[in-house]
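Below is one structure, written out as structure tokens; the observations come after it.
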Amino acid sequence: MIDYVSTRDTGIRVRSGKAVLDGQASDGGLYVPQSLDDIRTDYHDAIKGGFRDMAKAVWKVFFDDYGADKTDELVEKSYRDKFAAPEITPLAKVRASSGDAYVLELYHGPTSAFKDVALSALPNLLSASREMNGFTDDIMILTATSGDTGSAAIAGFSDVPGTGIIVFYPYGGVSDTQRLQMVTAAGSNVTACAIRGNFDDAQTGVKKLFREIPHPVSGVSLSSANSINIGRLVPQIVYYFSAYAQLLEKGAIKDGDKVDFIVPTGNFGDIMAGYFALMMGLPVGKLVCASNKNDVLTEFLNTGHYNRKREFWKTTSPSMDILVSSNLERLLYYVCGPEHTLSYMKQLEECGEYSVTSSELDEIKSIFEGVCADDSEGAAAIKSVFERDHYLMDTHTSIAWACMEKAGLSDAAATVVLSTASPYKFSAAVLEALGEELTGSDEGNMKRVREITGVPVPAGLAGIFEKPVVHDGVIDTADMKAYVIEKCSE
Ligand SMILES: *Cc1c(COP(=O)(O)O)cnc(C)c1O
């Protein structure tokens with residue numbers, strides 16, 4: 001039996017279903033399995049069969065109070081017929097400047113980004129937990145998005161019973177592709193609405209709504225789908241096992257060999273899932289934390305000093321443009337313990353920085369390595385990999401690739417780069433990286449990338465320029481509250 005505790009206070013203790021339902025612990029900490037001993041398994045049990053079998057094995061460990069039959073059912077619901085690749089997360093062999101690397105493609109879900117892996121699962125976990133905990137209210141998910149999360153959340157919650165979702169995005173602040181992915185979404189329980197302001201205004205507005213509407217409205221209570229929910233993190237552990245199984249199948253490694261993973265990182269969720277896979281027993285060598293010009297994590301992993309007081313850079317890998325990586329707190333819990341974690345998080349809030357002790361840093365460094373690359377290094381990677389091997393990467397994957405080329409790898413038997421988005425989600429930047437002129441529209445850029453590379457456009461993206469717009473709301477932030485109350489009453 002696994003107890004989930006707050007990263008800041010082990011006195012706050014719940015079972016997994018409640019942790020999913022609550023999202024965040026009441027003291028502001030994040031829920032984690034209290035002890036890593038409770039998740040240790042024989043990894044051979046979790047690399048059998050296909051992706052869904054692996055998911056069942058992993059979910060059984062972490063979501064034990066749902067019961068094995070229930071988690072099996074939820075895995076089927078989450079992944080059957082939703083992904084364009086039969087392996088769900090297929091592995092491609094790609095030539096690097098020295099030797100071969102493998103790219104784990106996490107973007108074959110409904111919205112062509114890796115957040116689909118988690119957001120296909122969370123709504124089902126949430127919906128089941130609601131029943132399990134005798135929670136009779138419906139749940140309305142509120143999310144602010146700067147692009148990718150919004151469409152993945154909409155796709156995930158679309159038509160899930162007992163739930164609804166409202167996504168707020170900055171008017172004029174997302175790409176045309178991202179906007180169309182949201183405003184053409186058909187589900188009867190989903191809404192996308194533009195707000196006049198930037199992403200921060202949208203996010204601040206949503207946070208305010210949670211404070212202003214603390215109680216259910218017309219039998220609907222508010223919740224969030226953000227990446228600190230343990231129900232988003234656990235589903236991501238599965239693809240580390242899937243990568244290992246595929247490497248074995250290809251004969252690239254022998255059973256027991258260690259594998260390095262290079263992870264394009266923003267909020268530290270993806271790479272934290274890799275840490276859990278390692279702690280479950282998967283033979284992982286190094287976890288390389290790849291950052292763009294926003295290199296707060298690179299500095300932290302090299303010096304032990306986390307300092308968010310720095311310039312914020314807008315890059316061509318926007319989903320990694322983050323100064324506070326929330327999920328890092330989970331790693332701190334295991335390495336530094338809850339007392340130090342509480343103190344570090346307080347220092348971060350009050351002074352914008354903290355430093356871990358040198359022994360804590362040593363422990364972190366024994367597994368993690370921080371490397372960063374800027375836009376031009378990422379663009380160069382897109383071009384060189386395409387020219388060498390006719391393999392097309394997006395702007396986030398290419399940062400990870402560039403970091404791999406810089407990193408000092410361990411003596412692992414294979415290196416896997418996690419690929420987090422289809423290149424067609426970022427057609428403009430990809431086109432420029434290939435040394436081509438922009439066409440003036442997202443639709444044109446997408447077509448042009450297709451012409452030049454011959455790489456097929458994912459089905460979910462191919463049709464969006466023709467689909468009817470069904471969500472055309474644009475409101476002021478001051479009107480968000482009235483908007484939400486009205487939607488809850490419908
Ligand atoms: C969210 C996202 C990331 C970063 O993942 P984290 O779990 O936040 O570290 C990287 N690439 C893409 C395309 C993303 O959408």
Q: Just check the stretch 99-216 against the gyration tensor rule for me: Cα atoms, a ≥ b ≥ c as the square roots of the eigenvalues, rounded for a/c under 1.5, and otherwise prolate or oblate depending on whether a/b exceeds b/c.
A: oblate
**Q.** For the stretch 406-490: rounded, prolate or oblate by the Cα gyration tensor [a/c cutoff 1.5]
**A.** oblate
Q.
Using a Debye calculation, one point per C-alpha and no hydration shell, please list log10 I(q)/I(0) for the stretch 183-240 at q = 0.20 Å⁻¹ in order.
A. -1.08
Q) Relative contact order of the chain: what whole-number percent is it, with Cα pairs under 8 angstrom and at least 6 residues apart? A) 19
Q. Which one of V449, A202, W313 has its Cα pushed farthest toward the positive end of the charge dipole of the chain, where Lys and Arg give +1 and Asp and Glu give -1 at the Cβ?
A. V449
Q | Helical mean residue ellipticity (222 nm; -39500 (n - 2.57) per DSSP H run of 4+; nearest 500) of the chain | A | -13000 deg cm²/dmol
**Q.** the stretch 292-400: GluC sites (Glu not before Pro) in DSSP coil with no more than 10 other Cβ atoms inside 10 Å
**A.** E311
(Q) Normalised radius of gyration for the stretch 1-101, please: alpha carbon Rg relative to 2.2 N^0.38 Å, two decimal places. (A) 1.35
Q | Residues with amide H under 5 Å from that of I262, placed H, sequence gap 5 or more | A | V288, V416, V417, L418
Q) What would the Debye formula give as log10 I(q)/I(0) at q = 0.08, 0.09, 0.12 Å⁻¹ for the alpha-carbon point model of the chain, no solvent? A) -0.45, -0.57, -1.10
(Q) What aspartates and glutamates does K56 reach when the alpha-carbon gap must be under 13 Å and sequence neighbours fewer than 8 apart in one chain are set aside? (A) D45, D64, D69, D72, E73, E76
Q | Relative frequency of Cα-Cα separations exceeding 17 Å in the stretch 267-310, percent | A | 40
Q. What span do the alpha-carbon atoms of the stretch 323-469 cover on each of the three principal axes, reported in whole Å from largest to smallest?
A. 55, 43, 24
Q: Among the lysines, select those whose C-alpha is under 17 Å from the C-alpha of K18, and discard any that sit fewer than 8 residues away in the same chain.
A: K60, K70
Q: Work from the charge dipole of the stretch 206-311 (Cβ charges, +1 for Lys and Arg, -1 for Asp and Glu, about the Cα centre) and give the residue of Y240, C289, N226 farthest towards its positive end.
A: N226
Q. So for the pair N198, D3, with labels modelled 7 Å out along Cα→Cβ, what separation do we get in nm?
A. 4.4
Q) Using +1 on the beta carbon of Lys and Arg, -1 on that of Asp and Glu, and nothing else charged, what's the dipole of the chain about the Cα centre, debye to 20? A) 240
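Coordinate-derived values only; no laboratory data. Since the model is a prediction, treat every value here as computed from it, not as a measurement. In this analysis, Cβ positions are derived from the backbone assuming ideal geometry, glycine residues included, and neighbour counts consider all displayed protein chains.
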